[in-house]
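Notes follow once the structure below has been shown.
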Amino acid sequence: MSLKERLRDRSYNDKKMSLKEALGYIKPGDHIFIGSACGEPQYLVRGLVEMADHLANNEILHVHTLGVAPYTKPRYSERFRMNAFFVGINTRRAVAEGRADYTPTFLSDLPYLIRSGAIQIDVALIQVTPPDEHGFCSLGVSVDVTKVAAEKAKLVIAQVNRRMPRVLGDSFVHVDDIDIIVEHDEPILEAPPSEPDIVSERIAKYVSDLIEDESTLQIGIGSIPDAILNYLVDKKDLGIHTELLTEGVVPLVEEGVVTCAKKTINRGKIIASFAMGTRKLYDFINNNPMVEFYPSDYVNNPFIIAQHDKMVAINQALEVDLTGQVCSDSLGYKFYSGLGGQADFIRGARLSRGGKAITVLPSTAKDGRISRIKDFLTKGAGVVLTRGDVDYVVTEYGVAYLRGKTIRERALALISIAHPKFRNKLLEWAKKHNYVPKEILPFPEVEYPEELKRYVTLKDGSRVLLRPIKPSDATLKQHLFYALSKESVKRRFLGSLDLMPLKRLWPYVVIDYINEMSIVGTVTENNNEFIVAIGSYSRIPGTEKAEVSLVVRDDWQNKGLGTTLFNYLAEIAKSRSGIKTLVGWLLIDNTKMMHILKKSGYPMRYKVDGNLLYVELDLTGNLGKESTLKI
């Protein structure tokens with residue numbers, strides 16, 4: 001009878017051993033798996049180093065560790081060599097110095113690699129709850145690959161900890177399948193929420209605007225994901241399907257925001273594979289029927305993820321280049337983290353009906369000295385997400401939508417959300433390498449006026465976003481021109497115009513937002529944005545006057561959009577630019593525009609010049625007072 005058979009035939013009490021006795025069953029050369037993240041059996045790990053001095057040439061395998069990792073110290077290099085599937089803060093130095101290994105693999109694929117024997121596991125050190133009346137122990141805060149490791153290992157040593165929460169789902173190991181039990185109670189490792197900061201808050205606001213009611217979310221860990229959760233309090237019936245469950249979900253459940261009631265699969269359930277938080281989170285998931293944990297090959301399976309309608313995957317990156325390549329696991333040649341589940345969830349979300357794949361990152365690093373939006377990735381940096389994987393990239397300066405976009409459109413969109421002080425350097429590089437046309441004007445070193453965004457509801461119930469134009473809108477503006485009828489083109493440009501090449505548009509999409517302003521009205525269909533109206537003004541040099549223009553796509557006319565857009569433009573001209581008078585030339589038969597001007601209520605003066613009408617609107621006059629004086 002094998003050792004495993006002899007040990008497993010014994011009762012729970014017979015399997016109980018002291019730490020030193022238990023570790024004595026591990027042999028030199030064994031491949032030792034350690035439970036992940038906050039589920040790490042710290043008592044067993046400390047003992048492994050302090051007491052098992054008979055060991056040599058043992059490989060230590062783990063996904064992510066937050067706790068003790070003494071086996072990475074140089075003095076233990078003859079006894080242990082670590083192999084990390086995700087490099088954590090306490091193991092980076094060992095990997096960087098070549099004393100430890102890193103195996104890049106998707107979390108969805110790791111259980112298969114273990115089951116197939118491609119990754120060998122002889123001993124599994126795990127942490128579990130005491131057995132229930134049926135003999136089942138819960139893996140608690142860490143199921144991920146711990147369950148399959150315990151199933152595959154030749155020897156399973158479990159630290160039974162009464163402080164471990166009992167989590168439901170496919171998260172149980174029967175006591176018969178545990179070989180050795182070491183009872184030891186200690187606090188479960190904790191990962192408190194990050195302190196909020198201005199950059200994270202701004203990114204969170206942009207991301208929250210992308211999340212619709214009834215979406216299902218995957219959100220990682222860190223200051224940005226924590227801030228995003230705080231911005232979702234106005235959403236309805238959100239669901240959770242995520243590898244990592246964090247504390248920010250708890251208040252959203254308590255406030256009725258996260259209900260999981262509209263999830264496409266696992267309806268009514270929060271699905272995760274491991275948790276990182278404080279005791280507040282652990283008490284929430286303890287014996288909670290709403291929460292179920294499953295192994296990574298289920299939770300991270302892109303085909304499972306894709307079955308959720310409106311699946312939103314939000315993951316953090318280290319840097320993004322101008323073509324959309326994303327690095328999130330290394331700083332140049334130095335491995336920083338791992339592939340994890342980022343690609344699993346990004347690809348699943350992109351396959352989801354109404355899904356969104358969102359990559360977030362601060363615009364700079366090293367106290368603002370380095371741009372994270374790169375002309376090209378740092379030498380040695382790994383491409384975790386290819387150019388074809390990314391939908392949205394979000395920094396504190398805005399949102400770049402990349403799906404289906406050309407290199408030119410991608411480069412301009414990403415430059416627009418880089419830190420202002422790096423934009424023109426990136427633009428010059430993009431011009432030099434023919435990513436963008438040479439005639440594009442330099443970007444003004446000003447922030448995009450995000451505060452001017454405004455959603456409006458028209459009289460037919462349609463919802464339109466009014467926002468300042470961006471350099472990346474050139475193609476959308478061109479599309480608007482070719483969607484206009486010949487009559488609308490004639491009214492806007494005071495005559496016939498057949499062509500609108502992009503080179504003509506560049507001066508009108510790169511503006512300073514003070515002396516020049518363009519507000520576009522946009523609608524979004526299947527995550528694709530379309531411009532349906534544009535209102536613009538440009539200051540006449542040396543004056544407090546600005547020339548104004550307005551156009552609305554034909555199928556959006558007669559809904560009140562033109563009136564709403566003009567009134568908003570006039571409001572901005574007064575308050576932001578100090579404009580006192582708006583002037584413009586109209587065709588004399590452009591009754592729609594005259595109606596908009598009169599309806600605005602500003603005192604108006606005009607004169608006729610052939611088939612044209614010159615109009616001045618006094619923005620300092622009393623609203624509602626009619627005054628039409630010929631000049």
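Things worth noting here:
- Residues (crowded, with 24+ Cβ neighbours inside 10 Å and either hydroxyl-bearing (Ser, Thr, Tyr) or without any contact (Cβ under 8 Å) to a residue 40 or more places away in the chain (or both)) located in the stretch 212-228: 215, 216, 227
- Taken together, the residues in the stretch 94-141 that are of a type in the set (S, T, N, Q), out of contact with any Pro (no Cβ under 8 Å at 6 or more places or on another chain) and within 22 Å of residue 274 (Cα to Cα) amount to 2.
- Boolean, residue 461 is surrounded by 14 or more Cβ atoms within 10 Å (Cβ to Cβ) and at positive phi: no
- Checked against (1) surrounded by fewer than 19 Cβ atoms within 10 Å (Cβ to Cβ); (2) in contact (Cβ under 8 Å) with a residue 40 or more places away in the chain; (3) outside any helix (DSSP H, G or I), residue 500 meets all criteria but (2).
Yes/no matrix, rows are residues, columns are (1) among the charged types (D, E, K, R); (2) part of a helix (DSSP H, G or I); (3) without any contact (Cβ under 8 Å) to a residue 60 or more places away in the chain; (4) not assigned by TED's automatic domain parsing to the domain that holds residue 515:
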residue	(1), (2), (3), (4)
555	yes, yes, yes, no
563	no, yes, yes, no
567	no, yes, yes, no
573	no, yes, yes, no
576	yes, yes, no, no
582	no, no, yes, no
585	no, no, no, no
594	no, yes, yes, no
599	yes, yes, yes, no
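- Filtered by the rule that a residue be in a strand (DSSP E or B) and more than 34 Å from the chain's Cα centre (by Cα), the stretch 541-553 gives 545, 546, 547, 548, 549, 550, 551.
This table checks each residue for (1) touching a residue at least 12 places away in the same chain (Cβ under 8 Å); (2) closer than 27 Å to residue 187 by Cα.
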residue: 61; (1), (2): yes, yes
residue: 69; (1), (2): yes, yes
residue: 74; (1), (2): yes, no
residue: 86; (1), (2): yes, yes
residue: 96; (1), (2): yes, no
residue: 118; (1), (2): no, no
residue: 136; (1), (2): yes, yes
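- Qualifying residue in the stretch 530-537 (condition: assigned by TED's automatic domain parsing to the domain that holds residue 478, at pLDDT below 95, on the phi < 0 side of the Ramachandran plot and of a type in the set (S, T, N, Q)): no
- Residue selected from the stretch 211-224 under the condition modelled with pLDDT of 95 or more and hydrophobic (A, V, I, L, M, F, W, C), by the criterion nearest to residue 401 (Cα to Cα): 211
- Residue 508 meets the stated requirement of being among the hydroxyl-bearing types (Ser, Thr, Tyr) and buried (at least 16 other Cβ atoms within 10 Å of the Cβ).
- Only a single criterion out of (1) more than 30 Å from residue 564 (Cα to Cα); (2) part of a loop (DSSP other than H, G, I, E, B) is not satisfied by residue 443, namely (1).
- Out of 409, 445, sole residue that is assigned by TED's automatic domain parsing to the domain that holds residue 386 and farther than 21 Å from residue 318 by Cα: 409
- Selection of first residues in the stretch 524-538 that are without any contact (Cβ under 8 Å) to a residue 24 or more places away in the chain and of second residues that are buried (at least 24 other Cβ atoms within 10 Å of the Cβ) and of a type in the set (A, V, I, L, M), restricted to Cβ pairs under 7 Å at least 6 apart or on distinct chains, gives the following pairs, ordered by first then second residue: 538/546.
- Residues that are surrounded by fewer than 24 Cβ atoms within 10 Å (Cβ to Cβ), in contact with a helix residue (DSSP H, G or I) (Cβ under 8 Å, 6 or more places away or on another chain) and under 29 Å from residue 202 (Cβ atoms) do occur in the stretch 282-303.
- If you go through the stretch 244-264 and pick out every residue that is hydroxyl-bearing (Ser, Thr, Tyr) and surrounded by fewer than 22 Cβ atoms within 10 Å (Cβ to Cβ), you end up with 2.
- Options 279, 267; residue that is among the basic types (Lys, Arg), surrounded by fewer than 19 Cβ atoms within 10 Å (Cβ to Cβ) and under 18 Å from residue 221 (Cβ atoms): 279
- Restricting attention to the stretch 315-357 and to residues that are surrounded by 24 or more Cβ atoms within 10 Å (Cβ to Cβ) and of a type in the set (Val, Ile, Thr), the residue that is farthest from residue 299 (Cα to Cα) turns out to be 320.
- Residues of the stretch 23-53 classified as part of a helix (DSSP H, G or I) and over 17 Å from residue 173 (Cβ atoms), total: 9
- One residue from 467, 504 being assigned by TED's automatic domain parsing to the domain that holds residue 587, within 28 Å of residue 212 (Cα to Cα) and basic (Lys, Arg): 467
- Residues that are assigned to a strand (DSSP E or B), hydrophobic (A, V, I, L, M, F, W, C) and out of contact with any Lys or Arg (no Cβ under 6 Å at 6 or more places or on another chain), drawn from the stretch 454-495: 456, 464, 465
- Top-ranked residue in the stretch 40-59 [being acidic (Asp, Glu) and over 21 Å from residue 128 (Cβ atoms); ranked as modelled with the highest pLDDT]: 59
- Boolean, residue 450 is closer than 27 Å to residue 562 by Cα, of a type in the set (D, E, K, R) and either surrounded by 13 or more Cβ atoms within 10 Å (Cβ to Cβ) or modelled with pLDDT under 90 (or both): yes
The values are calculated or read from the model by the stated rules, or taken from the named source; none is laboratory data. What you see is a predicted model; the values in this text were computed from it and never measured. Please note: Cβ atoms are built from the backbone with ideal geometry, for glycine as well, and neighbour counts cover all protein chains shown.
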